[in-house]
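Take a look at the structure below.
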Amino acid sequence: MLLAAVPAVAQQYKYEVGPVLGMTGYLGESNNGNLFKHPSFTVGGIFRYNHNSRWAFKANLNYANLRGNSMYDESWYPDGANYKFTSNLIDLGFTAEFNFLNYGIGPTYKKYKPISPYMVAGVGFVFAMCDGHNQASFTIPLGIGVKYKLKEKVNLGFEFTMRKEFSDRIDGYSDLFDIKHKFGKNTDWYSFAMFTASFEFGKRCIKCNYIE
(Lines give C-alpha, C1' and ligand atoms only; values in the text may rest on other atoms or scores of the structure.)
Protein backbone atom coordinates (compact mmCIF):
# COMPACT_ATOMS: atom_id res chain seq x y z
CA MET A 1 0.00 0.00 0.00
CA LEU A 2 2.88 2.37 0.78
CA LEU A 3 4.48 1.61 -2.58
CA ALA A 4 1.19 2.22 -4.35
CA ALA A 5 0.96 5.65 -2.75
CA VAL A 6 4.20 6.75 -4.47
CA PRO A 7 3.61 8.36 -7.90
CA ALA A 8 4.38 5.76 -10.57
CA VAL A 9 5.00 8.16 -13.44
CA ALA A 10 6.97 11.33 -13.95
CA GLN A 11 4.95 14.51 -14.29
CA GLN A 12 4.20 15.49 -17.88
CA TYR A 13 4.05 19.04 -19.23
CA LYS A 14 2.30 20.65 -22.18
CA TYR A 15 4.65 23.49 -23.18
CA GLU A 16 8.33 24.13 -23.89
CA VAL A 17 10.32 27.29 -24.46
CA GLY A 18 14.01 27.77 -25.12
CA PRO A 19 16.85 29.28 -27.18
CA VAL A 20 18.25 28.27 -30.57
CA LEU A 21 21.80 28.55 -31.91
CA GLY A 22 22.99 27.24 -35.24
CA MET A 23 24.44 27.58 -38.72
CA THR A 24 22.83 28.71 -41.97
CA GLY A 25 23.32 27.57 -45.54
CA TYR A 26 22.18 28.94 -48.90
CA LEU A 27 21.40 27.75 -52.43
CA GLY A 28 20.58 30.22 -55.18
CA GLU A 29 22.04 32.45 -57.89
CA SER A 30 25.22 33.02 -55.89
CA ASN A 31 25.71 29.37 -54.95
CA ASN A 32 24.17 26.43 -56.79
CA GLY A 33 26.43 23.71 -55.42
CA ASN A 34 27.61 23.10 -51.86
CA LEU A 35 24.91 24.19 -49.40
CA PHE A 36 27.47 25.14 -46.72
CA LYS A 37 30.10 26.71 -48.98
CA HIS A 38 29.58 30.06 -47.25
CA PRO A 39 28.10 29.23 -43.83
CA SER A 40 26.86 31.84 -41.41
CA PHE A 41 24.84 31.90 -38.17
CA THR A 42 21.33 31.95 -36.72
CA VAL A 43 20.05 32.68 -33.21
CA GLY A 44 16.50 32.67 -31.90
CA GLY A 45 13.92 30.92 -29.80
CA ILE A 46 11.19 28.27 -29.94
CA PHE A 47 7.84 27.69 -28.30
CA ARG A 48 6.47 24.13 -28.50
CA TYR A 49 3.10 22.66 -27.58
CA ASN A 50 3.31 18.91 -26.88
CA HIS A 51 -0.01 17.44 -27.95
CA ASN A 52 1.07 13.93 -26.93
CA SER A 53 4.19 11.74 -27.01
CA ARG A 54 4.08 11.54 -30.84
CA TRP A 55 2.89 14.96 -32.01
CA ALA A 56 4.07 18.47 -31.19
CA PHE A 57 3.45 21.90 -32.70
CA LYS A 58 6.17 24.53 -32.70
CA ALA A 59 6.64 28.24 -33.39
CA ASN A 60 10.12 29.63 -34.02
CA LEU A 61 11.48 33.15 -34.38
CA ASN A 62 15.06 33.38 -35.68
CA TYR A 63 17.48 36.09 -36.69
CA ALA A 64 19.88 34.77 -39.33
CA ASN A 65 22.65 35.82 -41.70
CA LEU A 66 23.12 34.42 -45.22
CA ARG A 67 26.11 34.79 -47.53
CA GLY A 68 26.87 33.73 -51.07
CA ASN A 69 29.53 34.23 -53.75
CA SER A 70 29.37 32.85 -57.29
CA MET A 71 33.10 33.32 -57.98
CA TYR A 72 33.91 29.63 -57.56
CA ASP A 73 30.67 28.21 -58.96
CA GLU A 74 30.73 26.06 -62.06
CA SER A 75 27.88 28.08 -63.61
CA TRP A 76 28.72 30.82 -66.12
CA TYR A 77 26.39 33.77 -66.06
CA PRO A 78 25.45 35.57 -69.31
CA ASP A 79 27.35 38.75 -68.53
CA GLY A 80 30.31 36.95 -66.95
CA ALA A 81 29.80 38.85 -63.71
CA ASN A 82 30.46 37.64 -60.19
CA TYR A 83 27.46 37.75 -57.86
CA LYS A 84 27.92 37.92 -54.10
CA PHE A 85 25.69 39.11 -51.28
CA THR A 86 25.05 39.27 -47.56
CA SER A 87 21.47 39.12 -46.24
CA ASN A 88 20.04 39.45 -42.76
CA LEU A 89 16.83 37.53 -42.15
CA ILE A 90 14.00 37.50 -39.66
CA ASP A 91 12.46 34.04 -39.96
CA LEU A 92 9.10 33.10 -38.44
CA GLY A 93 7.89 29.52 -38.72
CA PHE A 94 4.95 27.36 -37.61
CA THR A 95 5.62 23.63 -37.88
CA ALA A 96 4.25 20.25 -36.87
CA GLU A 97 6.59 17.56 -35.50
CA PHE A 98 6.05 13.82 -35.60
CA ASN A 99 8.17 11.77 -33.18
CA PHE A 100 9.08 8.30 -34.47
CA LEU A 101 9.15 7.02 -30.86
CA ASN A 102 6.95 7.73 -27.82
CA TYR A 103 9.04 10.62 -26.55
CA GLY A 104 9.05 11.30 -22.84
CA ILE A 105 9.40 9.77 -19.39
CA GLY A 106 6.67 7.54 -18.00
CA PRO A 107 5.54 4.01 -17.09
CA THR A 108 7.26 1.09 -18.81
CA TYR A 109 4.08 -0.28 -20.38
CA LYS A 110 3.66 2.95 -22.41
CA LYS A 111 7.15 2.45 -23.91
CA TYR A 112 8.28 6.05 -23.49
CA LYS A 113 11.79 6.81 -24.78
CA PRO A 114 14.06 9.65 -23.59
CA ILE A 115 15.34 10.11 -27.14
CA SER A 116 13.51 10.17 -30.46
CA PRO A 117 14.14 11.22 -34.06
CA TYR A 118 11.38 13.29 -35.65
CA MET A 119 10.35 14.91 -38.90
CA VAL A 120 9.06 18.45 -39.25
CA ALA A 121 7.04 20.40 -41.82
CA GLY A 122 5.01 23.58 -41.87
CA VAL A 123 4.68 27.12 -43.18
CA GLY A 124 6.64 30.26 -42.49
CA PHE A 125 7.42 33.86 -43.33
CA VAL A 126 10.78 35.54 -43.94
CA PHE A 127 11.77 39.19 -44.04
CA ALA A 128 15.15 39.68 -45.77
CA MET A 129 17.38 42.77 -45.70
CA CYS A 130 20.00 42.68 -48.47
CA ASP A 131 22.21 45.58 -49.59
CA GLY A 132 19.66 48.21 -48.65
CA HIS A 133 16.71 46.35 -50.17
CA ASN A 134 13.97 44.64 -48.17
CA GLN A 135 12.03 41.59 -49.30
CA ALA A 136 9.25 39.61 -47.61
CA SER A 137 7.88 36.25 -48.70
CA PHE A 138 6.34 32.98 -47.59
CA THR A 139 8.42 29.87 -46.90
CA ILE A 140 7.92 26.14 -46.51
CA PRO A 141 10.17 24.54 -43.83
CA LEU A 142 10.92 20.82 -44.20
CA GLY A 143 13.38 18.79 -42.14
CA ILE A 144 14.39 16.22 -39.58
CA GLY A 145 15.68 16.32 -36.03
CA VAL A 146 16.36 14.45 -32.82
CA LYS A 147 15.25 15.19 -29.22
CA TYR A 148 16.84 14.05 -25.98
CA LYS A 149 15.25 14.43 -22.55
CA LEU A 150 18.15 15.36 -20.29
CA LYS A 151 15.92 15.71 -17.21
CA GLU A 152 12.20 15.62 -16.50
CA LYS A 153 11.74 19.25 -17.61
CA VAL A 154 14.86 19.80 -19.74
CA ASN A 155 15.21 18.82 -23.40
CA LEU A 156 18.13 19.06 -25.83
CA GLY A 157 17.79 18.78 -29.58
CA PHE A 158 19.31 19.14 -33.01
CA GLU A 159 17.30 20.00 -36.10
CA PHE A 160 18.13 20.44 -39.79
CA THR A 161 15.58 22.15 -42.02
CA MET A 162 15.49 23.48 -45.55
CA ARG A 163 13.39 26.57 -46.19
CA LYS A 164 11.84 26.99 -49.65
CA GLU A 165 11.54 30.74 -50.27
CA PHE A 166 9.09 32.02 -52.91
CA SER A 167 10.17 35.55 -53.83
CA ASP A 168 13.47 34.53 -55.49
CA ARG A 169 15.05 37.69 -54.10
CA ILE A 170 16.36 36.64 -50.71
CA ASP A 171 19.87 37.15 -52.16
CA GLY A 172 18.98 40.37 -54.00
CA TYR A 173 19.07 38.69 -57.44
CA SER A 174 16.44 37.22 -59.71
CA ASP A 175 16.23 35.87 -63.28
CA LEU A 176 19.96 36.11 -64.02
CA PHE A 177 19.53 33.75 -66.98
CA ASP A 178 16.54 35.74 -68.31
CA ILE A 179 14.22 32.88 -67.29
CA LYS A 180 11.27 34.42 -65.55
CA HIS A 181 10.59 32.68 -62.25
CA LYS A 182 7.12 31.62 -61.13
CA PHE A 183 5.64 31.16 -57.65
CA GLY A 184 6.54 27.46 -57.57
CA LYS A 185 9.77 27.71 -59.56
CA ASN A 186 12.74 29.70 -58.37
CA THR A 187 16.25 29.07 -57.15
CA ASP A 188 16.39 30.36 -53.58
CA TRP A 189 16.60 27.98 -50.62
CA TYR A 190 18.17 28.45 -47.21
CA SER A 191 18.81 26.03 -44.37
CA PHE A 192 19.13 25.97 -40.59
CA ALA A 193 21.25 23.45 -38.69
CA MET A 194 20.24 24.29 -35.12
CA PHE A 195 20.94 23.16 -31.58
CA THR A 196 18.08 23.75 -29.14
CA ALA A 197 17.58 23.61 -25.40
CA SER A 198 14.09 23.85 -23.93
CA PHE A 199 12.44 23.98 -20.52
CA GLU A 200 8.98 22.42 -19.98
CA PHE A 201 6.13 23.98 -18.01
CA GLY A 202 2.35 23.72 -17.71
CA LYS A 203 1.50 20.48 -15.92
CA ARG A 204 -0.99 18.15 -17.54
CA CYS A 205 -4.05 17.12 -15.57
CA ILE A 206 -3.93 13.34 -15.15
CA LYS A 207 -7.05 11.45 -14.02
CA CYS A 208 -7.35 7.67 -13.95
CA ASN A 209 -4.39 7.29 -16.33
CA TYR A 210 -6.16 9.46 -18.93
CA ILE A 211 -4.25 12.55 -19.99
CA GLU A 212 -6.46 15.51 -20.77
Packing-ranked peptide list from 23-33, 157-167, highest mean Cβ count within 10 angstrom first, is 23-33, 157-167
Counting only protein heavy atoms and rolling a 1.4 Å probe, one gets per residue an accessible area for the stretch 79-122 in Å² of 51 Å²
Stretched fully, the stretch from residue 133 through residue 98 gains (0.36 nm per residue minus C-alpha distance, one decimal, in nm) 8.9 nm
With a 1.4 angstrom probe the carbon and sulfur portion of accessible area for the stretch 114-164, in percent, totals 74 percent
Per DSSP, the loop-located trypsin sites (Lys or Arg not before Pro) within the stretch 89-152 having at most 15 other beta carbons within 10 Å are 111
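The values are calculated or read from the model by the stated rules, or taken from the named source; none is laboratory data. Fair warning: this is a prediction, and the values are worked out from it, not measured in the lab. Every residue, glycine as well, gets a Cβ built from its backbone with ideal geometry; the counts of neighbours run over all protein chains shown. Accessible surface areas use protein heavy atoms only, side chains included; no ligands, DNA or RNA. Shrake-Rupley method; radii C 1.70, N 1.55, O 1.52, S 1.80 Å.
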